[in-house]
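Here's the structure, in structure tokens; my notes come after.
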Amino acid sequence: MDQGCISALDSDLFACKLAGNERVGRSVARPSRRGEAVISPQPEGSLDSLLIVNMKTTGRILSLSAAVALTAATSTGRAAEFFDDFESYSAGANIHGQGGWKGWDNDSAAGAVVSTAFAASGTKSVRVTGASDLVHEFSGATSGQWNFSLDQYIPSTSSGDTYLILMNKYRDGGGGDYDNWSVQTHVNLGTGQIIVDMATGEAPLTLVKNAWINWTFNIDLDANKVTEYYNHQLLSTHAWQSGGANALSAVDLYANGAGPVYYDNVSVSQVPEPTAVALLGLGGLALLLCRRSR
Ligand SMILES: [Ca+2]
């Protein structure tokens, strides 16, 4: 393999990545989008910069191929990504009506308070307790593979049964005729068990108290499947939806009178990220052309 070609390729791709992040910031700009579910079309500026750099190095054939690859990435790259670390809100405030958060059915009484008692990132998290039934809707996640992730802290003094829920259909006032549940993880603070409500026969996991743990859900909307991980342990794999929609519609942090439970770093991301797909496509094309030119 031509090492000189590889070095040049690596350098160009690195430059491309830097240019893309500076102008677009798919990864670095996440915190600036916190609190809002945003439609993030593949930005035209970054595509131009990628194309220009690779035209310099590999010529018109690559530029044409890259254009095809980038067009494909663009057509699939409209993602509804989301991130919230709760740092942008005032401590002690009800988060209902801020950053897209709201109580279930848009009821402020079902909101939750921003807290500085515990934080997985920065100094703040959101405190879900009592009447809290905190919702954030998402749009655009209607096909492909997605990761939903958040961090959870439960003090040993908390009590009751609390729930972490993902909806494939949700709207304010939708009720049982419209709303549809995909994930309902049940945390029994009394028995210390993590229980899957949306599948049968799954062994409960042991609740971790007084520590931040991560929940991750790998969602394959095309295959109608979700895999749930609690504290990096496999909890369950089951169908994403039945009688609902192939979509990630909302998260619901449901206290059910229990708590308090603290949540931080709520994240929705597409897998793989469209920018990464574009870069991989360009890299493969460049390597192919380097080999042909030898
Ligand atoms: Ca935080």
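Bear in mind that the values in this text are calculations on the coordinates, not laboratory data. Treat the numbers as computed from the prediction; the structure is a model and nothing was measured. Every residue, glycine as well, gets a Cβ built from its backbone with ideal geometry; the counts of neighbours run over all protein chains shown.
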TODO: Using a Förster distance of 51 angstrom, determine the FRET efficiency expected from the C-beta separation of residue 91 and residue 143, and round it to 0.05.
DONE: 0.85
Task: Within segment 250-270: backbone nitrogen closer than 15 Å to the residue 157 label point (7 Å, Cα to C-beta) - done: 259-262
Open item on the list: Testing the spin-label approximation: label points 7 Å from Cα along Cα→Cβ at residue 199 and residue 225. State their distance in nm.
Closed with: 1.0 nm
Open item on the list: Here is the link list: 102/209; 169/225; 124/209; 124/225. Which ones come out longer than 21 Å on Cα distance?
Closed with: 102/209; 124/225
